[in-house]
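J.: Below: one structure in C-alpha cells.
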Amino acid sequence: MLLHVPKVLGVEQVAECRRLLDAAEWSDGKATVGEQGALVKRNRQLPELSPVARQLGEMILGALARHPLFFSAALPLKSVPPLFNRYEGGELYGTHIDGAVRAVPGSSHFIRTDLSSTLFLSDPSDYDGGELVVQDTYGEHAVKLPAGDLVLYTSGSLHRVNPVTRGARVCSFFWTQSMVADERYRETLYRLDQTIQTLRGKTGETEETVALAGHYHNLLRMWSEI
Ligand code: NI
C-alpha cells in the first residue's frame with residue numbers, strides 16, 4: 001500500500017505546527033534508530049517526549065481520527081505519538097527498513113508497526129529534494145506532497161529520503177498498528193469499503209449497499225484482532 005491522504009491538517013493547523021516547530025530545540029535524529037538506521041540517517045528530530053511534540057502529535061492523531069480515508073485504509077488500532085523531523089543543508093536518510101515493533105515512549109507498551117505515515121509540513125516550493133522514495137514490487141515511488149497532506153505506506157517497504165539541497169523539509173512521521181495484521185486482508189477491506197462508498201454515491205442507500213456493508217463488517221469481524 002502507498003496511499004496519498006489529502007488535507008489531514010488545514011492551513012491554520014499547518015501554520016501552528018510550523019510556528020512551534022521553528023522555535024523548538026532539535027536534536028540528532030540518530031537517537032531513535034537502531035544500528036543500521038544510524039549508518040544512513042542524517043537529519044534532526046524533536047526529542048520524543050518534548051512538550052511541543054506531544055501537543056502537535058495529539059493535534060495530528062485527533063485530525064486523523066476524523067479522517068474517513070485514513071480509517072478505511074489503515075483500520076488503526078493504535079499509533080505511537082507522532083515524531084517530527086527536519087532536513088536541510090544536504091541532510092538525507094538512506095535506504096532502510098523500519099523496525100517491526102516499537103516501544104511507546106514513556107510507557108512499557110509496544111506496538112507492531114504495520115503502517116508508516118509521513119505528514120508533510122513544508123510547502124514543496126520551499127525546498128528542493130527531500131522526496132520520500134518507497135520501494136515496492138512495482139519499483140520506486142517518489143513522494144512529495146503539499147503541506148498538510150500525508151502518505152500512508154506499508155512499514156515493510158524499503159524507503160529513503162533524498163538529500164534536501166535547498167530550504168528545509170519539516171515533516172511528522174509515526175507508525176500504526178492495524179486491527180487487521182495481514183496486509184492482503186486489510187487491502188481487500190479497503191477496496192471493498194471504497195467500492196461501497198462509490199456505489200452509495202451513485203445509487204443512494206439501497207438494499208444492496210446495506211447488504212454489502214454487512215459483508216464488509218462480517219469480514220472485518222473475522223479478520224480483526226483487538
Ligand atoms: Ni523509516
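J.: Can you check what the Kirkwood hydrodynamic radius comes to for segment 183-223, Cα pairs only, in Å to one decimal? Numbers along the way, then the final one.
T.: Values: mean 1/r = 0.0963 Å⁻¹.
Value: 10.4 Å, from the Cα pair sum.
J.: Given Cβ point charges of +1 (Lys, Arg) and -1 (Asp, Glu) and nothing else, what value in debye, to the nearest 20, does the dipole of the chain about its Cα centre take?
T.: On the way: 23 positive and 27 negative charges, 36 e Å.
Dipole about the Cα centre, nearest 20: 180 debye.
J.: Pick out which of ARG200, ARG18, ARG102 has the largest mean-square fluctuation in a Gaussian network model of the chain, springs linking Cα atoms closer than 10 Å.
T.: Largest GNM mean-square fluctuation: ARG200.
J.: Where does each of THR154, THR137, THR195 land when they are ordered by accessible area, with a 1.4 Å probe and the largest first? Kindly include the intermediate steps, with their values, before the conclusion.
T.: Details: THR154 20, THR137 135, THR195 85 Å².
Solvent-accessible surface, decreasing: THR137, THR195, THR154.
J.: Work out the length of the dipole vector of segment 84-156 about its Cα centre, built from +1 on the beta-carbon of each Lys and Arg and -1 on the beta-carbon of each Asp and Glu, and round it to the nearest 20 debye.
T.: Values: 4 positive and 11 negative charges, 83 e Å.
I would put it at about 400 debye.
J.: Carbon and sulfur atoms: what percent of the 1.4 Å accessible area of segment 2-178 do they account for?
T.: Details: 4490 of 7910 Å².
The nonpolar share, carbon plus sulfur, comes to 57 percent.
J.: Would you look at the GNM of the chain, springs on alpha carbons closer than 10 Å, and say which of HIS109, HIS96, HIS141 moves the most?
T.: It is HIS109.
J.: Something else about it: Would you mind telling me the antiparallel percentage of the DSSP bridges in the chain, rounded to 5? Could the numbers behind the result be given before it?
T.: On the way: 45 of 45 bridges.
Percent antiparallel among DSSP bridges in the chain is about 100.
J.: Hey, another quick one. What's the FRET efficiency of ASP22 with MET1 using the Cβ-Cβ distance as r and R₀ = 35 Å, to the nearest 0.05? Mind showing how you got there, number by number?
T.: Numbers: r = 32 Å, r/R0 = 0.92.
Plugging the Cβ-Cβ distance into 1/(1 + (r/R0)^6) gives 0.60.
J.: Below 10 angstrom from the Cβ of THR176, what's the summed charge of the other residues (Lys, Arg +1; Asp, Glu -1)?
T.: Numbers: positive: LYS78, ARG112; negative: ASP114.
Value of the local net charge: +1.
J.: Here's something else I'd like to know. If you fit an axis through the alpha-carbon atoms of helix 207-223 and take the longest principal axis of the Cα set of the chain, what angle between them do you get, 0 to 90°, nearest 10?
T.: Long axis of 207-223 versus the principal axis of the chain: about 60 degrees.
J.: Per residue, how much accessible surface does the chain expose to a 1.4 Å probe? Answer in Å², no decimals. It would help to have the intermediate numbers written out before the result.
T.: Values: 11220 Å² over 226 residues.
Ligands and nucleic acids excluded, the figure is 50 Å² per residue.
J.: Which one of TRP223, VAL180, ALA23 is farthest out on the positive end of the charge dipole of the chain, using unit charges on Cβ (Lys, Arg +1; Asp, Glu -1) and the Cα centre as origin?
T.: ALA23
J.: Taking 25 Å as R0, compute the FRET efficiency from the Cβ-Cβ separation of ARG66 and GLU35 and round it to 0.05.
T.: On the way: r = 38 Å, r/R0 = 1.53.
Efficiency for this residue pair is about 0.05.
J.: Can you tell which of TYR127, SER79, THR198 lies farthest toward the positive end of the dipole of the chain, using +1 and -1 charges on the Cβ of basic and acidic side chains (Lys, Arg; Asp, Glu)?
T.: Going by the Cα projections, it comes out as SER79.
J.: Round to the nearest 0.05 the FRET efficiency obtained for ARG184 and LEU49 when R0 = 35 Å and r is the Cβ-Cβ distance. The partial results should precede the final answer.
T.: Values: r = 36 Å, r/R0 = 1.03.
So, using R0 = 35 Å, E works out to roughly 0.45.
J.: Percent of alpha carbon pairs in the chain separated by more than 21 Å? Numbers along the way, then the final one.
T.: On the way: 14443 of 25425 pairs.
Looking at the chain, the distances longer than 21 Å represent 57 percent of pairs.
J.: To the nearest 10 degrees, how steeply does helix 183-203 sit against the main Cα axis of the chain, on a 0 to 90 scale?
T.: Roughly 60 degrees, rounded to the nearest 10.
J.: Right, next: Springs between alpha-carbon atoms under 10 Å, Gaussian network over the chain: tell me which of ARG54, ARG66, ARG169 tops the mean-square fluctuations.
T.: Highest fluctuation of the listed residues: ARG66.
J.: Which order do peptides 74-87, 123-136 fall in by mean Cβ count within 10 Å, highest first? Don't skip to the answer; put the middle values down first.
T.: Values: 74-87: 21.1, 123-136: 16.9.
Averaged packing, sorted descending, gives the order 74-87, 123-136.
J.: At 1.4 Å probe size, put LEU192, LEU56 in order of accessible surface, largest to smallest.
T.: On the way: LEU192 45, LEU56 0 Å².
Descending accessible area places them as LEU192, LEU56.
J.: Still on this model: Expressed as an acute angle from 0 to 90° and rounded to the nearest 10, what is the orientation of the C-alpha long axis of helix 11-22 relative to the principal long axis of the chain?
T.: The two axes meet at around 30 degrees.
The values are calculated or read from the model by the stated rules, or taken from the named source; none is laboratory data. Here the structure is a predicted model, which means the values were calculated and not measured. Neighbour counts run over all protein chains shown; Cβ positions are idealised from the backbone, glycine included. Just so you know, the surface numbers come from the protein's heavy atoms only, side chains and all, with ligands and any DNA or RNA stripped out. Shrake-Rupley method; radii C 1.70, N 1.55, O 1.52, S 1.80 Å.
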